[in-house]
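Remarks on the structure that follows.
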Amino acid sequence: MTTTRFAPSPTGFIHVGNLRTALFNYLIARKSGGTFILRIDDTDPERSKEHYVDAIKEDLEWLGLTWDRVERQSQRLDRYHDAADKLRGIGRFYEAFETPTELDLKRKKLLNMGRPPVYDRAALALSEAEKDKLRAERGNGVWRFKLDQQRIEWADGILGDISIDAASVSDPVLIRGDGQVLYTLASVVDDTEMGVTHVVRGSDHVTNTATQIQIIEALGGTAPAFAHHSLLTGPQGEGLSKRLGTLSLRDLRERGIEPEALLSLMARLGSSQPVELRLTLDEIAEGFDLSQFGSAPTKFDENDLLPLTARKLHGLPLAAVAEDIAALGVPADKAELFWSVTRENIVTRHDLKDWWQLFSEGREPLVAEEDREFVAQAMALLPEGPFDRDTWGQWTTAVKEATGRKGKGLFMPLRKALTGQERGPEMADVMPLLQKVPARALAG
Ligand code: GLU
């Protein structure tokens, strides 16, 4: 039975990078009828905030990424301490007292000698008396896991065969001096006890994975299958970390990005399969194939979400947007026409507002100098409202007869005068929606 998890730390809003992780894990579980766990990694009481937990759930719900259950690390601290005791019992856990400054110095020395900055395990040589003394002077030490200095290997679901020399990695700190359990320990205890079978996460976790495999095995568990997806970059390959704040899911939602657009892009971006709009998660799951993803950094351009959003909207029936349209103040008997006129001319739902404003208030007329005379004549011929679908044809025929203009020279200046735009929906459809025509004032 496949079990996956998405394990955000509630220290901020989730962004497109997190979404990739969430979605891949969700799809793997769904595809095989397995379980998808939402695990809140909240062992850091200072940085974890309840409103971020709520926000994460809200964002996932918006996307339809439903979880089978929620787990919270803050409620499982006993389990982590039990695991820590077990590691102590088998001699794989040791207390170390170096200050951050001392560690930094050690690191710099090693780097200067051209060696990897790996913790030298000096604490392993401390006698009980020395530890007591240090504890009295400096408070409790940190607890490090003693790595077995062998190669750690696994077949990564995306990166292929990975082999990491444990001797090139520092013994990881799993419990801080103040007693706070760190993610590395909490995560392996959870993954083991919750029967997680597949872990997909960002490639920034590759070294973590190596150490976690050893910790899991030391605790008598079996490592899950791991896969590490590449990290997202901006369109030019630039790092996204600084910009991720503006690429939060709520930000994109506020900008009018449709969930299906985001899901469709994220399920394919960085894979050899083309990006195609899919309207349900079932369809997305069906076409999802982790082995099609590459290890190279994945370029993400938020603008790619716009055509997908537009395509989704174009296909919607009135019922799906009726609420948005009513909220703008469009009269019920005009809603159908309004939607049929605007649906192909919007990119996001927000654009509906501009269209309704154009129809209800009218726009500043756009009149070229050489058309002034012509527009004045035409406006004098414009019938009183309300207009209907025949108004445009009848009016332009009358204008043509009066002025002798035809074709583009006839229609374009009229469109620009009435809508303030050079392009837009069919004018025959626009006329019945127009509530005000500021260009009327130009009548000669
Ligand atoms: N809380 C960790 C993170 O957000 C989870 C990583 C993992 O999937 O194990 O980076």
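The values are calculated or read from the model by the stated rules, or taken from the named source; none is laboratory data. Because the structure is a prediction, the values reported are computed rather than measured. With ideal geometry, Cβ positions are generated from the backbone for all residues, glycine too; neighbour counts draw on all protein chains shown. Side chains included, ligands, DNA and RNA excluded: accessible areas come from the protein's heavy atoms. Shrake-Rupley method; radii C 1.70, N 1.55, O 1.52, S 1.80 Å.
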Exercise. Quick one: what pairs do we get from the stretch 143-155, first residue farther than 21 Å from LEU174 by Cα, second assigned to a loop (DSSP other than H, G, I, E, B), C-beta under 9 Å, 6+ apart or different chains?
Worked result: TRP154/ALA223
Exercise. Name the pairs: first residue in the stretch 179-193 and assigned to a helix (DSSP H, G or I) and within 13 Å of the ligand (Cβ to nearest atom), second residue open to solvent by 10 Å² or more (accessible area, probe 1.4 Å) and not aliphatic (A, V, I, L, M), Cβ to Cβ under 6 Å, at least 6 apart or on different chains?
Worked result: TYR183/ASP41; THR184/PRO172; ALA186/THR43; VAL189/ARG79; ASP191/PRO224; THR192/GLY221
Exercise. Out of all the residues in the stretch 3-33, which are open to solvent by 10 Å² or more (accessible area, probe 1.4 Å), more than 12 Å from the ligand (Cβ to nearest atom) and not polar (S, T, N, Q)?
Worked result: PHE13, TYR26, ILE28, ARG30, LYS31, GLY33
For this session: Would you be able to say whether some residue in the stretch 146-166 is among the small types (Gly, Ala, Ser), open to solvent by 40 Å² or more (accessible area, probe 1.4 Å), in contact with a Lys or Arg (Cβ under 6 Å, 6 or more places away or on another chain) and outside any helix (DSSP H, G or I)?
Result: yes
For this session: Answer yes or no: is there a residue in the stretch 131-141 that is within 14 Å of the ligand (Cβ to nearest atom) and either among the aliphatic types (A, V, I, L, M) or in contact with a strand residue (DSSP E or B) (Cβ under 8 Å, 6 or more places away or on another chain) (or both).
Result: no
Seminar exercise, completed: When the stretch 214-230 is checked residue by residue, the ones that are more than 12 Å from the ligand (Cβ to nearest atom) and within 26 Å of LEU19 (Cβ to Cβ) are ALA223, ALA225, SER230
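So which residues in the stretch 63-93 are outside any helix (DSSP H, G or I) and in contact (Cβ under 8 Å) with a residue 60 or more places away in the chain? Give the derivation first.
Initial filter on the stretch 63-93 (outside any helix (DSSP H, G or I)): 64-72, 76, 90-93.
Selection gives GLY64, LEU65, TRP67, GLU71, ARG76, ILE90, ARG92, PHE93.
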For this session: Answer yes or no as to whether ILE56 is farther than 27 Å from ALA285 by Cα and among the β-branched types (Val, Ile, Thr).
Result: no
Exercise. Which fully enclosed helices (runs of 4 or more DSSP H) of the stretch 384-433 have 2 or more residues being closer than 21 Å to ILE346 by Cα, open to solvent by less than 70 Å² (accessible area, probe 1.4 Å) and not charged (D, E, K, R)?
Worked result: 408-419, 427-430
Exercise. So, of the residues in the stretch 252-285 that are under 17 Å from GLY12 (Cβ atoms) and in contact (Cβ under 8 Å) with a residue 12 or more places away in the chain, which turns out to be most open to solvent (accessible area, probe 1.4 Å)?
Worked result: ARG253
Seminar exercise, completed: Counting only residues that are in a helix (DSSP H, G or I) and either open to solvent by 60 Å² or more (accessible area, probe 1.4 Å) or among the basic types (Lys, Arg) (or both), the stretch 346-372 contains a total of 8
Problem set entry | Index of the failed condition, GLY245 passing every other in (1) modelled with pLDDT of 95 or more; (2) part of a helix (DSSP H, G or I); (3) farther than 30 Å from ILE162 by Cβ | (1)
Exercise. Within the set of pairs 6 or more residues apart or between chains, which connect a residue that is away from the ligand (no atom under 12 Å from the Cβ) and in a loop (DSSP other than H, G, I, E, B) inside the stretch 195-212 to a residue that is aliphatic (A, V, I, L, M) and open to solvent by 40 Å² or more (accessible area, probe 1.4 Å) with Cβ atoms less than 7 Å apart?
Worked result: THR197/ALA225
